[in-house]
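Visitor: A single structure is presented below for examination.
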Amino acid sequence: MKLLPIASAATLLLAAAAANAQSYGSGIIEFTGEVTDLTCTISGGAGAIGTTNITVPMDAVQANQLAAAGDIAGLHPFQLVIGGPGQGTCQNGKIAELYFDPTAGQVDAGNGNLRNQEANAPAVNTQIQVLYKNAVVDLRDPSFKTDPVTIANNTAVIDMASQYVAVNGAAAPGFVQSYVNYKVVYN
């Protein structure tokens with residue numbers, strides 16, 4: 001008979017705990033989205049060439065312009081063109097934003113520049129900086145994005161720039177090559 005009071009007490013404790021748990025607020029989380037067939041080509045405009053995989057041919061600079069760590073030279077403006085006239089799948093009125101992927105490409109984890117990956121005769125102590133609105137982009141920052149641009153006449157343009165920067169001392173003559181992965185998001 002002693003088991004009955006213990007079982008009754010355990011039942012009361014469970015009921016009280018359940019009642020306590022039910023006293024908290026509850027609701028729903030709604031998810032919304034869109035599946036779209038919006039497709040815009042991405043190509044190099046002024047200062048760049050190619051479609052999807054863009055090449056920015058930077059001008060040669062003298063090594064003495066990069067004589068000390070932090071020196072910059074060879075500012076090279078370029079454009080990324082989203083869509084193009086008559087590209088009906090690049091819908092007017094949509095918004096496009098450009099993001100860089102800090103985990104792919106040649107982003108230097110120490111400073112956010114692009115490391116020189118030239119295998120044959122590389123310019124030692126030389127990296128590339130990407131600029132947006134006249135400011136150096138820290139490519140390590142996953143939250144970086146360009147300002148939204150509105151697609152009009154099936155086209156939008158994002159103005160960017162690049163430049164050489166000396167790191168770890170004076171740059172030595174040689175070649176420079178690097179890359180960064182990007183994505184364009186449409187809303």
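The values are calculated or read from the model by the stated rules, or taken from the named source; none is laboratory data. Just so it is clear, the model here is predicted, and its values are computed rather than measured. For neighbour counting, all protein chains shown are included, and Cβ atoms are generated from backbone atoms with ideal geometry for every residue, glycine included.
Visitor: Could you check region 132-179 and list, in sequence order, the residues that are within 15 Å of Val61 (Cα to Cα), without any contact (Cβ under 8 Å) to a residue 60 or more places away in the chain and outside any strand (DSSP E or B)? Working first, answer last.
Guide: Keep residues of region 132-179 that are within 15 Å of Val61 (Cα to Cα), which gives 162-166, 170-177.
This time we only want the ones that are without any contact (Cβ under 8 Å) to a residue 60 or more places away in the chain, so: 174-175.
Listed by number, the list holds a single entry, Gly174.
Visitor: I'd like to verify a number: residues in region 50-60 that are farther than 19 Å from Phe175 by Cα and outside any loop (DSSP other than H, G, I, E, B), how many?
Guide: Qualifying residue count for the region: 1.
Visitor: Which one of Leu114, Leu80, Leu131, Leu98 is closer than 20 Å to Asn53 by Cα, of a type in the set (A, V, I, L, M, F, W, C), modelled with pLDDT of 95 or more and buried (at least 16 other Cβ atoms within 10 Å of the Cβ)?
Guide: Going through Leu114, Leu80, Leu131, Leu98 in turn, just one is closer than 20 Å to Asn53 by Cα, of a type in the set (A, V, I, L, M, F, W, C), modelled with pLDDT of 95 or more and buried (at least 16 other Cβ atoms within 10 Å of the Cβ): Leu131.
Visitor: What do you reckon, is Asp71 out of contact with any Phe, Trp or Tyr (no Cβ under 6 Å at 6 or more places or on another chain), within 24 Å of Lys183 (Cα to Cα), charged (D, E, K, R) and in contact (Cβ under 8 Å) with a residue 12 or more places away in the chain? Explain how you work it out, then say what you get.
Guide: Values: out of contact with any Phe, Trp or Tyr (no Cβ under 6 Å at 6 or more places or on another chain): yes; within 24 Å of Lys183 (Cα to Cα): no; charged (D, E, K, R): yes; in contact (Cβ under 8 Å) with a residue 12 or more places away in the chain: yes.
Answer is no for this residue.
Visitor: Of the residues that sit in region 128-166 and are of a type in the set (Gly, Ala, Ser) and within 20 Å of Arg115 (Cβ to Cβ), which one is farthest from the chain's Cα centre (by Cα)?
Guide: Initial filter on region 128-166 (of a type in the set (Gly, Ala, Ser)): 135, 143, 152, 156, 161-162, 166.
Next cut, within 20 Å of Arg115 (Cβ to Cβ) only: 161-162, 166.
Values: Ala161: 15, Ser162: 15, Ala166: 23 Å.
Ranking the candidates gives Ala166 first.
Visitor: While we're looking at this one, here's another question. How many of the residues in region 97-108 are free of Cβ contacts under 8 Å to residues at least 60 places away in the same chain and farther than 15 Å from Ser143 by Cα? Explain how you work it out, then say what you get.
Guide: So the first thing to find is which residues in region 97-108 are free of Cβ contacts under 8 Å to residues at least 60 places away in the same chain, and the list is 102-103, 108.
Filter once more, keeping what is farther than 15 Å from Ser143 by Cα: 108.
Residues that pass the stated criteria total 1.
Visitor: Could you check Ala73 against (1) in contact with a helix residue (DSSP H, G or I) (Cβ under 6 Å, 6 or more places away or on another chain); (2) surrounded by fewer than 17 Cβ atoms within 10 Å (Cβ to Cβ) and say which number it fails?
Guide: (2)
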